[in-house]
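Shown next, in structure tokens, is the structure this report addresses.
Bear in mind that the values in this text are calculations on the coordinates, not laboratory data. Note that the structure is a prediction, hence the values are computed from the model and not measured. Positions of Cβ are generated from backbone atoms using ideal geometry, with glycine treated the same way; all protein chains shown enter the neighbour counts.
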Amino acid sequence: MIPSKSITIVGGGLAGLTAGIGLRQRGVPVTIWEAGNYPRHRVCGEFISGRGQDVLIRLGLNSLFEHAGAVLADTVVFSTLHRTFPVHRTPRSALCLSRYAMDALLAAEFRRLGGELRVSSRWAGPGFEEGVLRATGRRPQPAEKGWRWFGLKVHARGVRLTADLEMHVASGGYVGVGVTSGGAVNVCGLFRRRAGAADTAAGGLELLRGKPGSVLWQRLGNAVFEPDTFCSVAGLSLSPRRASGQGDFSVGDSVTMTPPVTGNGMSMAFESAELALDPLTAWSRGVVSWEQAQKAVAGRCDRVFGRRLFWARVLQWLVLVGAPRSGPFTMALNSDWIWQRMFRKTR
Ligand SMILES: Cc1cc2nc3c(=O)[nH]c(=O)nc-3n(C[C@H](O)[C@H](O)[C@H](O)COP(=O)(O)OP(=O)(O)OC[C@H]3O[C@@H](n4cnc5c(N)ncnc54)[C@H](O)[C@@H]3O)c2cc1C
């Protein structure tokens with residue numbers, strides 16, 4: 001029998017760890033290089049929604065999420081600065097778990113399955129050559145189409161929610177306030193500034209609190225923020241990228257990011273990792289070349305994600321541009337039919 005060739009995964013985030021776990025379940029030798037360590041807080045709405053939930057079930061990971069304290073979210077409500085729209089029920093419950101717990105539990109599971117995990121180890125190889133899967137997350141962009149995008153997140157206590165996830169249109173972005181594990185609420189925002197514009201004096205927590213007098217500001221009036229959970233990320237790129245034609249073999253945000261308003265990025269990380277499992281296993285066993293495996297996965301990612309990335313851009317446009325103009329945004333949020341369709345189309 002031909003021994004399996006080993007696979008190196010660069011990046012121990014959700015995509016890298018999920019791919020590592022799936023490969024170990026198939027008996028493939030895997031080493032993951034992770035620049036950071038576990039557990040740690042990450043900027044994320046912590047709202048898993050979409051087909052990635054089925055990937056967790058297929059890989060036997062959903063019970064680990066439940067044991068780690070994942071909670072379900074069934075309702076979503078949108079607010080502009082001074083107006084709240086009707087509460088909508090999600091067609092399927094989303095799974096909410098702190099990234100502090102999530103990444104660490106996947107890392108532990110990967111190790112339990114015999115994977116080698118090198119933490120605090122930044123991959124500085126010449127590139128992503130044969131046998132090296134790229135799962136390094138977003139491809140940093142200082143600015144995109146004249147905007148600089150950045151994300152902020154903090155956990156808070158003492159917040160009474162009117163739905164499991166509240167989405168607030170904030171100045172220069174949007175903020176999600178939602179249930180998460182451990183009895184806290186997660187406050188996570190995406191913001192944009194004109195490239196070249198001077199930074200405002202407002203700190204991260206002030207941005208997350210929203211404009212004084214706004215619905216968001218009132219909602220967080222009694223919030224007690226947990227400073228250790230505060231984190232930020234910059235250099236985000238939200239323009240969709242096709243996987244085909246990319247020089248390296250990628251999964252997760254390395255392929256493309258979806259606008260966070262969809263709450264589908266983690267799902268895409270799990271899904272792309274699963275799509276890569278059979279081709280990577282076939283390469284490891286000498287059945288296909290690296291190039292063939294890469295092309296197969298890129299083609300599948302483009303087919304599966306293309307349509308939802310289009311609708312995700314429409315949704316983000318509605319929130320960032322449509323909300324202040326009111327018309328299409330108001331119509332979409334007052335109609336449960338439109339809302340449900342939009343929800344389905346973005347995942
Ligand atoms: C503001 C905001 C809110 C979001 N909210 C949600 C949400 O509610 N629901 C949802 O589904 N998604 C959400 N997302 C998206 C979600 O967080 C990402 O899609 C998901 O984390 C992608 O997983 P990944 O494994 O591809 O990347 P990451 O989780 O970023 O992991 C990449 C890993 O690679 C490591 N790495 C990078 N370079 C190297 C190197 N050279 N060597 C070694 N290691 C390296 C990094 O340290 C990191 O751990 C949100 C994103 C943002 C910005």
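Placing R0 at 25 angstrom, the Cβ-Cβ distance between Arg26 and Arg303 gives a FRET efficiency of 0.65 after rounding to 0.05. Rounded to the nearest 10 degrees, the inclination of helix 290-317 to the longest alpha-carbon principal axis of the chain is 0 degrees. Cross-link partners of Lys153 among lysines, defined as those whose alpha carbon lies under 23 angstrom from its own and excluding same-chain residues fewer than eight positions apart: Lys211.
Quick one: angle between helix 265-284 and the longest Cα principal axis of the chain, in degrees between 0 and 90, rounded to 10, please. Result, in degrees: 10.
Karplus-derived 3J(HN,Hα) values for segment 338-346, using 6.51 cos²θ - 1.76 cosθ + 1.60 with θ = phi - 60°, are 5, 4, 4, 5, 4, 4, 5, 6, 9 Hz; glycine and proline are entered as x. When +1 charges are put on Lys and Arg Cβ atoms and -1 charges on Asp and Glu Cβ atoms, the dipole computed for segment 148-216 relative to its Cα centre reaches about 180 debye. Once Lys and Arg get +1 and Asp and Glu get -1 on their Cβ, which of Leu205, Pro29, Thr330 lies farthest toward the positive end of the dipole of the chain? Highest projection toward the positive end goes to Thr330.
Annotation: amide H of Phe78 within the under-5 Å range of Phe85, Met167, sequence separation 5 or more or interchain, hydrogens built in the peptide plane.
Starting with the fewest neighbours, write out Leu113, Leu277 ranked by other beta-carbon atoms found within 10 Å of each beta-carbon.
So the ranking, lowest neighbour count to highest, is Leu113, Leu277.
Taking amide hydrogens as placed 1.01 Å from N in the peptide plane, the amide H of Ile32 sits under 5 Å from those of Ile9, Glu116, Leu117, Arg118, each at least 5 positions away in sequence or on another chain.
Residues Leu280, Leu207 in ascending order of nearby Cβ atoms (within 10 Å, fewest first): Leu207, Leu280. Beta-bridge orientation, segment 18-174: approximately 60 percent antiparallel, per DSSP, counting only bridges with both partners inside.
Here Ser120, Ser181 are placed in order of increasing Cβ neighbour count within 10 Å, fewest first, which gives Ser120, Ser181.
Each residue of segment 66-81 is assigned a 3J(HN,Hα), and the resulting list reads 4, 4, 7, x, 4, 10, 9, 10, 10, 10, 9, 9, 9, 9, 8, 4 Hz, derived from the Karplus form 6.51 cos²θ - 1.76 cosθ + 1.60 (θ = phi - 60°), x at Gly and Pro.
Quick check on the chain: of the DSSP beta bridges with both residues there, what percent are antiparallel, nearest 5%? It would help to have the intermediate numbers written out before the result.
Details: 39 of 54 bridges.
Roughly 70 percent of the DSSP beta bridges within the chain come out antiparallel.
Taking the helices alone, the chain has a mean residue ellipticity at 222 nm of -10500 deg cm²/dmol, built from -39,500 (n - 2.57) per DSSP H run of at least 4 residues and averaged over all its residues.
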